[in-house]
Amino acid sequence: MRTMKKTENQLIGICGLYCKTCPKYLAYQDQDTIELKKMSEADGVPIEKIRCDGCLSDNVYPTCRDCKHGFRRCAEEKKVTWCFQCPDFPCPRLENFSKIHEVNGIWHHKKVIENLRFMRDFGTEDWVKEQEKEGACPHCGKMLYWYALDCPRCGIPARSE
């Protein structure tokens, strides 16, 4: 089994989300000026300060550094990288988190516990491969924001949800 590169691990959120489909990560990577402007206005962060290289990187989106849900602090206290490594997994905090955040009829956090169980049982490398498939436009392969219904590159409906 090959060892994952550090950058691949940085894109696996502590809580089981995949950073590569997060607007805070993807907008910077794609230099999506429309999304960057929306984030800047919503969060009060100057566009030039918007940068995220993933939840486990040194460059985390400004409003995510303190993780209002407490996962970053909890992981540090428990000395784990991801929630599935914790003896209390799945905890009430994670269960509550899995029931919030819906956009365009897509419940973004719904699968975090399932994602973390998959990582625990099969490894992070296999999970990333699945996320790469699920997070990309099935027609042109562009990585999509988790809430995208249509691909901005090819314009074809990206999801059947």
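Throughout, read-outs are computed from the coordinates displayed, never taken from laboratory work. All values derive from a computational prediction rather than experimental measurement. Glycine gets a Cβ as well: all are built from the backbone with ideal geometry, and neighbour counts include every protein chain shown.
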Matching label for the computed volume of the Cα convex hull per residue in Å³, out of (i) 113; (ii) 123; (iii) 105, is (ii)
Cys with no candidate disulfide partner in the chain (beta-carbon separation under 4.7 Å rule): Cys15, Cys19, Cys22, Cys52, Cys55, Cys64, Cys67, Cys74, Cys83, Cys86, Cys91
Between Lys99 and His139, the two model label points (7 Å from Cα along the beta-carbon direction) sit apart by a distance in nm of 3.8
What is the gain in length, in nm to one decimal, between Lys129 and Arg65 on full extension, counting 0.36 nm per residue of separation less the C-alpha to C-alpha distance? 20.4 nm
Would you calculate, for the chain, the mean residue ellipticity at 222 nm contributed by helices, counting each DSSP H stretch of 4 or more residues as -39,500 (n - 2.57) and dividing by all residues, to the nearest 500? -10500 deg cm²/dmol
Which part of region 120-137 falls in the paramagnetic zone of Asp32, meaning amide N under 16 Å from the point 7 Å along Cα-to-beta-carbon? 132, 134-137
Listed with the fewest Cβ neighbours within 10 Å leading, Tyr147, Tyr25 appear as Tyr147, Tyr25
As a quick test, which of the pairs Lys37/Lys78; Lys20/Lys79; Lys79/Lys142; Lys20/Lys99; Lys78/Lys129 have an alpha carbon distance above 32 angstrom in this structure? Lys37/Lys78; Lys79/Lys142
Under 5 Å from the placed amide H of Asp150, counting only residues 5+ away or on other chains, we find Ala158
